[in-house]
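The values are calculated or read from the model by the stated rules, or taken from the named source; none is laboratory data. Quick caveat, the model's predicted, so the values are computed rather than measured. Glycine also receives a Cβ, built like all others from the backbone with ideal geometry; neighbour counts cover every protein chain displayed.
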Amino acid sequence: MKLTSKWIPLFASNFLGVFNNNFFKTLICLLAINWVAKGNESMIVSLASGLYVLSYIFFSPMAGRLSKTMYKKKIMIIARITELLLVIIGSFGFYIESVYLVMACIFLLGLVSTLFSPSKYGLIRDIGGKEGISFGTGTLEMFTFFGAILGPLLATIISDFYNFYVMAGLFVVISLLSLFAISRLKVSESEPMKKSEDTIIPFVFEYKAFKFAAGIKGLNLIILGLSSFWMVGSFLQMNLLVHCPKTLGMTNTQTGYVLTASALGIGLGSFLAGLISKGKVELGLTPIGGFGMCISLLLLFFLQPSGFVFGFMIFLTALFCGIYMVPLSASVQNSVEGRKQGDMIAYSNFMIFLLIFISAALFALITKHFGTNSIFIFLVILIFTMSILMIKYVPDMFARFRNLMKISK
């Protein structure tokens, strides 16, 4: 399947939305630290990161119900209009330098993203049919990835050459373009359900999903391992935003280059994992990625490099991170079929955002008492523990790991 005009409105709106949210969130981390007393930098970064994902923990079941009982395109248009209003209010928060106002806006932007997330994925089948699911999902994720890279990069550059009117103008123009793009979507949707019996109580839904996953050997541990990947990514992003300028003396633009290197590393690692797997679920790659991360993080902790060497080590860590993640993600989708697959993906998403939220709280606590360099050794302990547990309790992982090690020799 090819990238035709029927797909462009969805992909463009998604890319611009992800870009704007990451642009907004990163600017909070870079600018709001100057509005508070020195020494609270980690707290600002933790708050911005935690508030953005908090909605995913509590409102994901509600989002799923909305996607069944309303037209999905209508949900996305309402979401884009709401986001436009929020970035205007958020811009005013930057103007008056109000931590409370920009933090409220980042929470509400996260809530909007939560509520329309199932709808944007649901539109894929409506646009391309069953045969377009793989193409649509893969391309949507690719543009999401690009938005998550480029948004923070632009934020670091803007913060070094700060001009309020340029920043606010970008917020508004990008939001308007995102709204315009989704309004141009031509799609034929099925009639929404009049009502849904699915629970909207998050922990009830997750408990049922946990019990179901417990019936498939190793699945809960695989989901926990996949969630730990996102936890590591969250820790690294937060730590770089503080460690690079505060410890290494980098400008915000230089920090942006390191963030970009980490995102590119994850992308390359994911691509390599897919290439090596040759269409299979190759669980043996996860321990390789895990131990590779441990080695590179240990070098970061003990050598404490700076400049290009630091950036390269972060890239290497992220590359192994991608290799670690891909088999786990594929395994979650491969473990169950039919409607339960959607439930398992929702359960996996809940665990991912729960651990990202926990990472935001832990980051502030660890860096306050032990400094930013200690994050690297904390991640070594986390990844090593998860890798050993999965090798021991996930079926076939150790055998596949051993076979890959023999091939590499």
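Only helices (runs of 4 or more DSSP H) whose full extent lies in segment 308-409 are considered here, and the ones with at least 2 residues that are at pLDDT below 85 are 339-370, 397-408. The single residue among 131, 141 that is free of Cβ contacts under 8 Å to residues at least 60 places away in the same chain and among the acidic types (Asp, Glu) turns out to be 141. Of all residues in segment 354-374, those that are on the phi > 0 side of the Ramachandran plot have Cβ atoms under 9 Å from Cβ atoms of residues that are surrounded by 20 or more Cβ atoms within 10 Å (Cβ to Cβ), 6 or more apart or on another chain, in 371/243. In summary, residue 105 fulfils each of the numbered conditions (1) buried (at least 23 other Cβ atoms within 10 Å of the Cβ); (2) at pLDDT 90 or above; (3) over 23 Å from residue 170 (Cα atoms) with the single exception of condition (3). Tallying residues that are within 13 Å of residue 52 (Cα to Cα) and of a type in the set (Gly, Ala, Ser) within segment 81-117 yields 3.
Scan segment 163-175 for residues that are in a helix (DSSP H, G or I) and loosely packed, with under 14 Cβ neighbours inside 10 Å and the total you get is 5. Considering segment 247-294, the residues that are farther than 30 Å from residue 23 by Cα and out of contact with any helix residue (DSSP H, G or I) (no Cβ under 8 Å at 6 or more places or on another chain) include one that is surrounded by the most Cβ atoms within 10 Å (Cβ to Cβ), namely 280.
Could you check segment 182-213 and list, in sequence order, the residues that are small (Gly, Ala, Ser) and either crowded, with 19+ Cβ neighbours inside 10 Å or modelled with pLDDT under 90 (or both)? Passing the criteria: 188, 190, 196, 209, 213.
For segment 8-61, the set of residues classified as of a type in the set (D, E, K, R) and either under 28 Å from residue 118 (Cβ atoms) or modelled with pLDDT of 90 or more (or both) consists of 25 only.
From the set of residues in segment 78-95 that are farther than 19 Å from residue 183 by Cβ and touching a Phe, Trp or Tyr at 6+ places or on another chain (Cβ under 7 Å), which is surrounded by the fewest Cβ atoms within 10 Å (Cβ to Cβ)?
Checked segment 78-95; the qualifying residue surrounded by the fewest Cβ atoms within 10 Å (Cβ to Cβ) is 95.
Applying a threshold of 8 Å to beta carbon distances and a minimum spacing of six or more residues, or different chains, the list of pairs starting in segment 175-187 at a residue that is among the basic types (Lys, Arg) and ending at one that is crowded, with 21+ Cβ neighbours inside 10 Å reads 184/9; 186/9.
Check segment 67-77 and report whether any residue there is under 20 Å from residue 146 (Cβ atoms) and either surrounded by 22 or more Cβ atoms within 10 Å (Cβ to Cβ) or touching a His at 6+ places or on another chain (Cβ under 7 Å) (or both).
Looking through segment 67-77, at least one residue is under 20 Å from residue 146 (Cβ atoms) and either surrounded by 22 or more Cβ atoms within 10 Å (Cβ to Cβ) or touching a His at 6+ places or on another chain (Cβ under 7 Å) (or both).
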